[in-house]
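Since the structure comes first, as structure tokens, the remarks are kept for the end.
The values are calculated or read from the model by the stated rules, or taken from the named source; none is laboratory data. All values derive from a computational prediction rather than experimental measurement. Here the Cβ positions follow ideal geometry from the backbone for every residue, glycine too, while neighbour counts run over all protein chains shown. Ligands, DNA and RNA are stripped out before the accessible areas are found, and what is left, the full protein with its side chains, is counted by its heavy atoms. Shrake-Rupley method; radii C 1.70, N 1.55, O 1.52, S 1.80 Å.
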Amino acid sequence: MSRESVPAAVADTVTAAYRQEWPAVVAAVVRVTRDLDLAEDCAQEAFTSALTRWAAHGVPDRPGAWLTTVARNHALDALRRRGRAARLLPLLVMDEDAIHGDPGERAGTGVDDDRLRLMLTCCHPALERPAQVALTLRLVCGLSTAEVARAFLVPQATMAARITRAKKKIAIARIPFRIPDDDRLPERLDALLQVVYLVFTTGHAAPSGASAVRDDLADTALRLARLVHDLMPHDARVAAMLALMLLTTARRPTRVAATGEPVALPEQDRSRWDRPMIAEGAALVRRSLRTVPTRYGLEAAIAAVHAQAGDWESTDWAEIVDLYDLLAQQWPSPVVALNRAVAVGFRDGPEAGLQALAPLIADPIAQIYPYVAAAHADLLRRAGRSEEARQAYRTAIGLTDNAAERAGLQRRLDALE
């Protein structure tokens, strides 16, 4: 059966399974192969097999278990064919306790999770930070190389080379596939948090595809954040990260319209926000800010201001701009500059927002990051500069790979015309 002849319902089921099960399948196969490239290839073969097998025999009761079994069988066959099993095993070292399960390992914490093991392997300090994050997004979260490149705002070829080099270094350095001891966790924590953050933001605003959001990625990131918080409950950075995700996730039910288009914050129905989740996130924010503010603590504080405002009109934009000022001083980035400019536009008016956004408009990043053009268009529209706004909306539409976001931008453009 060719791929084109697979029923749409089966293809959709396999796509959903890929989003939910990919990291677990890859991590399980790594246990067998100790070879990241081979594990990824075998996982991909399993999903390809699912297209035809599930179309012919029906979807199994436990798709994840079926995929893992098929991927492992592919891996064992490959190892036997190559006759290299004995030489491949040392490539990714793992203690016997990690293979068979140590019943005493971190008992009661709930952190004995293959995805967390694989994530911490990818975040080993032997790798450079960009490589740590990129490799984890690719292997643990199943993002395509193009999606990872978009998250880093770099060309796809650059990201492909970065991921390949990282895999080779893991093999050469014989980096172990296990959760490190407590005294070694802090050296991997910054990279781990950056990965979880990028997974969450990629799910929160999907860079490509038909949906404005990818709940599977956002949910995976939230679950991993809780795992890390269980692992390091007293670390302010971890508490802040979890708070940020909770406060943002609490608004999820109102972020997408029935048409699939994203709903802007002023138009969201706040009565549908998850108040218990907001309360949990706000408590974590307060706890995380008792020490020196972290990047995630400041971002969580901004999210808390939005989440705790009774309505759009009562949003404390002065406090939000002050928080963005602190964030820009300590952790400057194009995304922070963009969000600060938008906040200035609401505090001081659209012309002030346009002035704050001007450096980004002149930056080369504006040629690849659609949110700059989208924010520019919205500020121009609010300032009454309709013709310039129309051109900015067209630019944003041309840069946007996400179909739902593109439809929303087109609707705004149509309203102006």
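Values for this structure:
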quantity: Per-residue ³J(HN,Hα) for the range 47-53, Karplus 6.51 cos²θ - 1.76 cosθ + 1.60, θ = phi - 60°, Hz, x for Gly and Pro; calculated: 5, 5, 4, 4, 4, 7, 5
quantity: Solvent-accessible area, 1.4 Å probe, carbon plus sulfur percent, for the range 328-416; calculated: 53 percent
quantity: Listed residues ASP269, ASP61 arranged by accessible area, highest first, probe 1.4 Å; calculated: ASP61, ASP269
quantity: Residues with amide H under 5 Å from that of VAL256, placed H, sequence gap 5 or more; calculated: VAL263
quantity: For HIS229, solvent-accessible area (1.4 Å; no DNA, RNA or ligand), Å²; calculated: 30 Å²
quantity: Using alpha-carbon coordinates, inclination of helix 63-82 to the longest axis of the chain, degrees; calculated: 50 degrees
quantity: Calculated [θ] (222 nm, deg cm²/dmol) that DSSP helices of n ≥ 4 give over the chain, each run adding -39,500 (n - 2.57); calculated: -22000 deg cm²/dmol
quantity: Rounded tilt (10° steps) of 275-288 against the dominant C-alpha axis of the chain; calculated: 90 degrees
quantity: Evaluated over the range 328-416, the Cα radius of gyration and Dmax, each in Å; calculated: 12.5, 40
quantity: Whole-number percent relative contact order across the chain, with pairs defined as alpha carbons under 8 Å at least 6 apart; calculated: 11 percent
quantity: Proportion of all alpha-carbon pairs of the range 266-346 beyond 14 Å (%); calculated: 64 percent
quantity: Cα-based convex hull volume of the chain per residue, rounded to whole Å³; calculated: 161 Å³
quantity: Relative contact order (%) - the range 328-416, alpha-carbon pairs under 8 angstrom, separation at least six; calculated: 21 percent
quantity: Mean Cβ neighbour count within 10 Å, used as a protection proxy, ranking 13-25, 138-150 highest first; calculated: 138-150, 13-25
quantity: With Cα atoms, 0 to 90° folded angle of helix 403-416 axis to the chain main axis; calculated: 10 degrees
quantity: Directionally averaged projected area (convex hull, Cα atoms, the range 189-315), nm²; calculated: 7.7 nm²
quantity: Within-12-Å neighbourhood charge of LEU135 [Cβ basis; K, R +1; D, E -1]; calculated: +4
